[in-house]
Amino acid sequence: MLQPVSVGLKFGFLIVLYLFLMWVAFSTLFDLRRGFGGRRQDGPPVGEATSIHQTVDPLAMLEGDFEPRLVVDHAPGHEPGVAYDLMEPVTLGRGNVELKLEDAFASSRHAQITRQGRVVVLEDLGSTNGTYLNGEVVAGPQPLHDGDRIRIGDSEFTYYQ
């Protein structure tokens, strides 16, 4: 009488074991298709969003007028067209920062723009919703180039030198 129950339990255990192994295999295939290290199959690595540009423009090095600024395209609480000076480090976010954003999708300390010599660098500060540079997610410090577009939540800015 116990033999049919024992055989049924053995088959049940084997079915559960095979389902688990199939789940592991499908998860692994999904991760492999997604790519390694933030690299997507359909585009460049995430950290190289603006790598097609030179970091420093040699002609700009000769000129004395280097006035990096961030111009508001549209952002809640800011007038479109207003320019912010980037000669000093600027932190963007909802908290106690230099450039306050009234955007529900912005973190309290969302992103930071700093100068490193004549290079201006954008860096995400571990925000929840990410910082976008020219439509690409910022992963690590990224140099800014004239005309680059920065998006944080519903706020959009353009960088000019």
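Just a few scattered comments:
- If you check Gly140, Gly81, Gly95 for being within 14 Å of the chain's Cα centre (by Cα) and either part of a loop (DSSP other than H, G, I, E, B) or surrounded by fewer than 16 Cβ atoms within 10 Å (Cβ to Cβ) (or both), only one passes: Gly140.
- Restricting attention to region 118-134, the residues that are assigned to a loop (DSSP other than H, G, I, E, B) and without any contact (Cβ under 8 Å) to a residue 24 or more places away in the chain total 4.
Throughout, read-outs are computed from the coordinates displayed, never taken from laboratory work. This structure is a prediction, so every number in the text was calculated from the model and none was measured. All Cβ positions, glycine included, derive from the backbone under ideal geometry; neighbour counts span all protein chains shown.
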